[in-house]
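The values are calculated or read from the model by the stated rules, or taken from the named source; none is laboratory data. The shown structure was predicted, so the numbers you read here are calculated from the model rather than taken from an experiment. Positions of Cβ are backbone-derived with ideal geometry, glycine not excepted, and every protein chain shown enters the neighbour counts.
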Amino acid sequence: MADPTDRILETPFADALSDRYLVYALSTITARSLPDVRDGLKPVHRRLLWAMRLLKLEPEGTARNSTAFKKCARVVGDVMGKYHPHGDQSIYDAMVRLAQDFALRYPLVDGQGNFGNIDGDNAAAMRYTEARLTDAAAELMDGLDEACVPFRDTYNGEEEEPEVFPAAFPNLLANGAAGIAVGMATSIPPHNVAEICDAATMLLDDSETTLDTLLTVFKGPDFPTGGVMVEGQAAIREAYATGRGSFRLRARWRVEDLGRGTWTIVIDRMPYQVIKGKLIEDIAALINDRKLPILADVRDESDTEIRLILEPRSRNVEPAVLMESLFKLTDLEVRFPLNLNVLDKNRRPGVMGLRGVLQAYLDHQLDVLAKRTQFRLGKIDDRLELLEGLLKAYLNLDEVIRIIRYEDDPKAELIAAFALTDRQAEAILNMRLRSLRKLEEVEITRENNALQAEAAKLRDLLASPEKQRRRIKSDLAKLRVRYGPDTVLGARRTEIADAPKVTIIPLEAMIDREPVTVIVSAKGWIRAMKGHVDLSAGDALRFKEGDAAAFAFHAQTTDKIIVAAANGRFYTLGADRLPGGRGFGEPLRLMIDLDADIVSVFVNRAATRLLLAASDGRGFIVENADLLAETRKGRQVMTPREGSRLKLIRPLGADADALALVGDNRKLLVVPLEGVPVMARGQGVALQKYKDGGLSDALPFRRVDGLSWTMGGAGTRTRSETDLTAWIGARGSVGRTPPLGFPRDNKF
């Protein structure tokens, strides 16, 4: 017996890992996540439909239909056991989506039972639900028995499965697709079949048809849940030209008059893939958190149709303003991405534009037509061969009977006597006696003539590309009739409109303006007391034992509070969202992702600038608006160098023109403020250099006013120094010892 260690290969770990990951990536891209441009299906969907076809789960009214519905568990079992050796739940989830009319524009599975709903409820277990194919699925697979697409062995070699469907139904654009592979993804919205047929017909008539011409009939996505697409034509064109872009989709709404000046807003169409139940929860949270004071209530009155009711706080509220605010704050408006990343006929992934996708579909249809024609022609030729032999037998019936009765090898004698083929002779020998009647000869002659005429037409079709295009054009016209705009399934659901130009009221303007006193303790607890409390009254500011005041200032409930951390990250809090002042407040770390010491807490004032300085003497000027953060993670404004931290923040007066800096080493430096750059983020520039210690304090001021500081001792005397020539230097200098009487703590 061979030693297993003899088969161990020495190879670098990085090479072995990369080779195996590449195999996995290719498998994910080509056999799982990306759809085929020809039929718009991923392997799991193709295998599901193929298995249902073999189970004869044809749509109602078709000739092949032999059963009404079958349990989904039966279908999933066949798919998993024969074609798709993966988890049964993942297969069932894919099957459920094919049956959901709010997920697919044209469902491919006709489900019976609970297949989920738009509220986000899951489908019932597969043992309770039943399914069969829809007409669209049948059209996708029409022609599979006519050798028009390649087949391959299944994973265990026991069965065969089609590599692609004939796809008379343009499924890729009609139903769209979404998937995430390794290093790439796809996202294709659904479209209207009638518009796809019109665009494909234009491309058939003239292969040089421009995208602009196609877009005159191809309007854009048509989502199963309807809605209103508010996207500019330039953006739509760019998306379809490059195969990448996005579309803004909104809920459809209308105002319902209740009389006496009162009204409500009714939402009757949802954006695609938005879960209604979660959307209602989000709107209710806005009302409870007082983030949208002009909205009073939200109700769900939906049954088979969507009906969400929004009640305004006052009849004086403008409906358009209320809806624009909701579009901004909730998923009543979403962006659906377009990424036409598909597998071409050679199984290579790539991003295509609209013209490329339509041309690939038409090329596939022409190829399928040619192969189906060849298959039919082969069947006709086989039948004509037999009919030719039978006609020879009827013309020489007495001789044929004699040979069969008296010859030892009638088959060979027939072949020699009438120049028959082996198949023709075999057919004559297998004829029944009652087939010898005159009527049968007439029928064979009629069939022979009909097949000869059909064969001539088929050969003519194969020889003429123009006739093939006309045939595809005719098929598209029939498809357009079945899914036309006047049919229930084919009528366009998504409206296309321009976004209304409405002046949005800032959320701050919807908050009642009230005075508050913001208090932050040394241990990071924050609270807001009503009114402007006298900050000099010590008994008004109570803290937990061992805690004390760190920051306290007056503000309004409409203000934004900025929290600056030592790591240079800035956080934003709404003053109206701060905990009340009856207790000790709440820890800031529960409200924001604070992971460093607090340097400062202050009110954000519009159109003002601040000086940020780090402990190593580097700094810059920042606009107040650049400090605002949208999330609890904050915004990284200053990035101090290793070993340093954000030291201080100083507001700049409107007329400040100089900056005084003093270090821990008691060196004073005055630099022109114009030499300090204005930045949105970064480390800043060197303001003052130190051999020992770092920055102690900084003060922006007017040079003509000089510097003033409080003298030491028990008195309150101050000293002013207007002649600062000795301490003026270039930015990044060391500075000199300050004037006599400068505070010993090195603070201005």
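Among the residues of region 552-607 satisfying the criterion of being outside any loop (DSSP other than H, G, I, E, B) and in contact with a Pro (Cβ under 9 Å, 6 or more places away or on another chain), which is farthest from Thr631 (Cα to Cα)?
His554
When you go through Lys392, Lys371, Lys379 one by one, which is the residue that is in contact with a Phe, Trp or Tyr (Cβ under 6 Å, 6 or more places away or on another chain), outside the structural domain of Ala181 (by TED's automatic domain parsing) and in a helix (DSSP H, G or I)?
Lys392
From (1) more than 22 Å from the chain's Cα centre (by Cα); (2) among the small types (Gly, Ala, Ser); (3) within 30 Å of Met184 (Cα to Cα), pick out the condition that doesn't hold for Ser246.
The number of the failed condition is (1).
Would you be able to say whether some residue in region 54-62 is assigned to a helix (DSSP H, G or I), over 26 Å from the mean Cα position of the chain (by Cα) and in contact (Cβ under 8 Å) with a residue 12 or more places away in the chain?
Yes - at least one qualifying residue is present in region 54-62.
Hey, among the residues in region 312-339 that are of a type in the set (Asp, Glu) and part of a loop (DSSP other than H, G, I, E, B), which one's surrounded by the most Cβ atoms within 10 Å (Cβ to Cβ)?
Asp331
Taking region 551-581 only, how many residues are closer than 14 Å to Val520 by Cα and not aromatic (Phe, Trp, Tyr)?
14
Does region 117-141 hold any residues that are buried (at least 18 other Cβ atoms within 10 Å of the Cβ) and part of a loop (DSSP other than H, G, I, E, B), and which are they? Full working, then the answer.
The initial filter retains those residues of region 117-141 that are buried (at least 18 other Cβ atoms within 10 Å of the Cβ), namely 118, 123, 126, 129-141.
Listed by number, the residues that qualify are Ile118, Ala123, Met126, Thr129, Thr134.
Specify the residue that is farthest from Leu310 (Cα to Cα); the eligible residues are those in region 268-293 that are among the acidic types (Asp, Glu) and either outside the structural domain of Pro312 (by TED's automatic domain parsing) or over 21 Å from the mean Cα position of the chain (by Cα) (or both).
Per the stated criteria, the residue is Asp289.
In region 212-233, what residues are buried (at least 16 other Cβ atoms within 10 Å of the Cβ) and in a helix (DSSP H, G or I)?
Result: Leu214, single match.
Quick one: which residue in Gly378, Gly356 is surrounded by fewer than 15 Cβ atoms within 10 Å (Cβ to Cβ) and under 29 Å from Ala477 (Cα atoms)?
On the way: Gly356 fails: surrounded by fewer than 15 Cβ atoms within 10 Å (Cβ to Cβ).
Selected residue: Gly378, the only one of Gly378, Gly356 that is surrounded by fewer than 15 Cβ atoms within 10 Å (Cβ to Cβ) and under 29 Å from Ala477 (Cα atoms).
Take Ala607 and decide whether it is free of Cβ contacts under 8 Å to residues at least 24 places away in the same chain and under 39 Å from the mean Cα position of the chain (by Cα).
yes
Do we have any residue at all in region 405-421 that's of a type in the set (Asp, Glu), touching a residue at least 12 places away in the same chain (Cβ under 8 Å) and not assigned by TED's automatic domain parsing to the domain that holds Pro170?
Here is the first cut: in region 405-421, the ones of a type in the set (Asp, Glu) are 407-409, 413.
Next cut, touching a residue at least 12 places away in the same chain (Cβ under 8 Å) only: none.
No, region 405-421 contains no residue that is of a type in the set (Asp, Glu), touching a residue at least 12 places away in the same chain (Cβ under 8 Å) and not assigned by TED's automatic domain parsing to the domain that holds Pro170.
Among the residues of region 115-130, which ones are among the β-branched types (Val, Ile, Thr) and touching a strand residue (DSSP E or B) at 6+ places or on another chain (Cβ under 7 Å)?
Thr129 - this is the single residue of region 115-130 that is among the β-branched types (Val, Ile, Thr) and touching a strand residue (DSSP E or B) at 6+ places or on another chain (Cβ under 7 Å).
Given the structure, is Val342 under 33 Å from the mean Cα position of the chain (by Cα), of a type in the set (Val, Ile, Thr) and either within 30 Å of Leu414 (Cβ to Cβ) or not in a helix (DSSP H, G or I) (or both)?
Yes; evaluated as a whole, the condition is true for this residue.
Give me the residue from region 1-51 that is over 29 Å from the mean Cα position of the chain (by Cα), part of a helix (DSSP H, G or I) and among the aliphatic types (A, V, I, L, M) and, out of that set, farthest from Leu140 (Cα to Cα).
Ala14
Here are Asp206, Asp212, Asp222: which of them is touching a residue at least 12 places away in the same chain (Cβ under 8 Å), acidic (Asp, Glu) and closer than 30 Å to Glu466 by Cα?
Asp212
Can you tell which of Thr608, Thr572 is polar (S, T, N, Q) and loosely packed, with under 15 Cβ neighbours inside 10 Å?
Checking each option against the conditions leaves just Thr608.
Can you name the number of the only condition in (1) over 28 Å from Ser314 (Cβ atoms); (2) in a helix (DSSP H, G or I); (3) touching a strand residue (DSSP E or B) at 6+ places or on another chain (Cβ under 8 Å); (4) touching a residue at least 40 places away in the same chain (Cβ under 8 Å) that Ile236 fails?
Status for Ile236: all satisfied but (4).
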